[in-house]
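Here the structure is laid out as structure tokens; the discussion comes afterwards.
The values are calculated or read from the model by the stated rules, or taken from the named source; none is laboratory data. The structure presented is a predicted model; accordingly, all values stated were derived computationally and were not measured. Reconstructed Cβ throughout: ideal geometry from the backbone, glycine too, with neighbour counts over all protein chains shown. Heads up: the accessible areas ignore ligands, DNA and RNA and are worked out on the full protein's heavy atoms, side chains in. Shrake-Rupley method; radii C 1.70, N 1.55, O 1.52, S 1.80 Å.
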Amino acid sequence: MPPKIKISPSLLAADFANLGESIRAVESAGADELHFDVMDGSFVPNITIGVPVLEAIRPITKLPIDVHMMVVEPARFAQQFADAGADIFTIHAEACDDLETSLGDARIAGMTAAVSLKPDTPVSVLQPVLPLIDRVLVMTVEPGFGGQSFMPEMLPKIAELVDMARVAGTDLEIAVDGGIKVDTAGSVIDAGATALISGTGVFNFTDGIEAGIKALRSAGS
Ligand code: DX5
Ligand code: ZN
């Protein structure tokens, strides 16, 4: 049986003036998780949302919240995000001086630890920390902005990760983020991704959020 494909709408594309409504809409439309993009204006050239917004939305949804930390040395904030209700703490390999310790901090705080890779970062950086991670986030655009075009040259990275996990005999969830829409989702699912993060592909889908989520989930061959 093919693995279930999780859909994780990125709140960056939600209506921030009505964030609660946007969250209720994706939850009732069948989303599996929420993706919460934190940017620090240093690791990426943009600033978004942080702990106070997470605290505000936590009580209104049962969905697991994946916090995508586009932040220098994200482990500094692991406990704060855990206390605010984050379930998955996704940190960038490029942002951590000591990735192993940073992942340890996320786990000690009680969150699922995940590593994200920018497009130029090879999957080999994960080899030493494989036992510490449950999930990898392959960036399929340069992080920092929503609404960019998908980079098909990232597809081999997904396949490499599938192989790496198989050889290591470990369960590794492979998530993708950036330019995931109905026309690009099929290729990432076929390559082995099982969690699809999508902002504009869900919130701006022509036929509405529910149709967008369904279309993404069933895009594989
Ligand atoms: C970009 C963020 C993404 C962003 C994706 O750096 O990490 O989560 O919201 O937006 P779309 O799906 O519109 O490309
Ligand atoms: Zn993201």
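If the condition is being within 22 Å of Val67 (Cα to Cα) and either hydrophobic (A, V, I, L, M, F, W, C) or assigned to a helix (DSSP H, G or I) (or both), then the range 190-211 contributes Ala193, Ala195, Leu196, Ile197, Thr200, Gly201, Val202, Phe203, Ile209.
Conditions tested, residue by residue: (1) under 20 Å from Phe203 (Cβ atoms); (2) more than 16 Å from ligand 1 (Cβ to nearest atom).
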{"site": "Gly20", "(1), (2)": "yes, yes"}
{"site": "Asp40", "(1), (2)": "no, no"}
{"site": "Phe43", "(1), (2)": "no, no"}
{"site": "Asn46", "(1), (2)": "yes, no"}
{"site": "Val51", "(1), (2)": "no, yes"}
{"site": "Pro64", "(1), (2)": "yes, no"}
{"site": "Arg76", "(1), (2)": "no, yes"}
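Against the conditions (1) assigned to a strand (DSSP E or B); (2) free of Cβ contacts under 8 Å to residues at least 24 places away in the same chain, Ala175 satisfies every one except (2).
Once the range 183-205 is narrowed to residues that are within 11 Å of ligand 1 (Cβ to nearest atom) and within 12 Å of the chain's Cα centre (by Cα), the residue that is farthest from Ser116 (Cα to Cα) is Gly199. If you go through the range 100-118 and pick out every residue that is open to solvent by less than 10 Å² (accessible area, probe 1.4 Å) and either in a strand (DSSP E or B) or within 16 Å of ligand 1 (Cβ to nearest atom) (or both), you end up with 5. Of Leu19, Leu12, Leu54, all but one fail to be of a type outside the set (D, E, K, R), in a helix (DSSP H, G or I) and under 17 Å from Leu137 (Cα atoms); the exception is Leu12. Checking the condition under 28 Å from Ala78 (Cβ atoms), more than 13 Å from ligand 2 (Cβ to nearest atom), within 18 Å of the chain's Cα centre (by Cα) and not hydroxyl-bearing (Ser, Thr, Tyr), which residue from Leu132, Leu117 passes? Residue meeting the stated conditions: Leu132. Checking each residue of the range 122-144 against the condition of being at positive phi, out of contact with any strand residue (DSSP E or B) (no Cβ under 7 Å at 6 or more places or on another chain) and either at pLDDT 95 or above or part of a loop (DSSP other than H, G, I, E, B) (or both) gives no match. Number of residues in the range 44-59 that are open to solvent by 10 Å² or more (accessible area, probe 1.4 Å) and over 19 Å from Gln80 (Cα atoms) equals 2. In this structure, Asp171 does satisfy being modelled with pLDDT under 95 and out of contact with any helix residue (DSSP H, G or I) (no Cβ under 6 Å at 6 or more places or on another chain). Listed by first and then second residue, the pairs with beta-carbon distance under 6 Å, at least 6 apart or on different chains, first residue in the range 16-38 and more than 19 Å from Gly147 (Cα to Cα), second open to solvent by 60 Å² or more (accessible area, probe 1.4 Å) and assigned to a helix (DSSP H, G or I), are Ala29/Glu210. Checked against the criterion of being crowded, with 19+ Cβ neighbours inside 10 Å and either out of contact with any Leu (no Cβ under 8 Å at 6 or more places or on another chain) or under 17 Å from Val138 (Cβ atoms) (or both), the candidates Asp66, Asp97 yield just one match: Asp66. A search for C-beta distances below 8 Å between a residue of the range 68-85 that is within 12 Å of Ser42 (Cβ to Cβ) and in contact (Cβ under 8 Å) with a residue 12 or more places away in the chain and any residue that is within 16 Å of ligand 1 (Cβ to nearest atom) and among the acidic types (Asp, Glu), counting only pairs 6+ apart in sequence or on different chains, returns Met70/Asp37; Met70/Asp40; Val71/Asp40; Val72/Asp40. Take the residues in the range 22-43 that are open to solvent by 40 Å² or more (accessible area, probe 1.4 Å) and not in a helix (DSSP H, G or I), then tell me which one is nearest to ligand 2 (Cβ to nearest atom). Filtering the range 22-43 for residues that are open to solvent by 40 Å² or more (accessible area, probe 1.4 Å) and not in a helix (DSSP H, G or I), the one nearest to ligand 2 (Cβ to nearest atom) comes out as Asp40.
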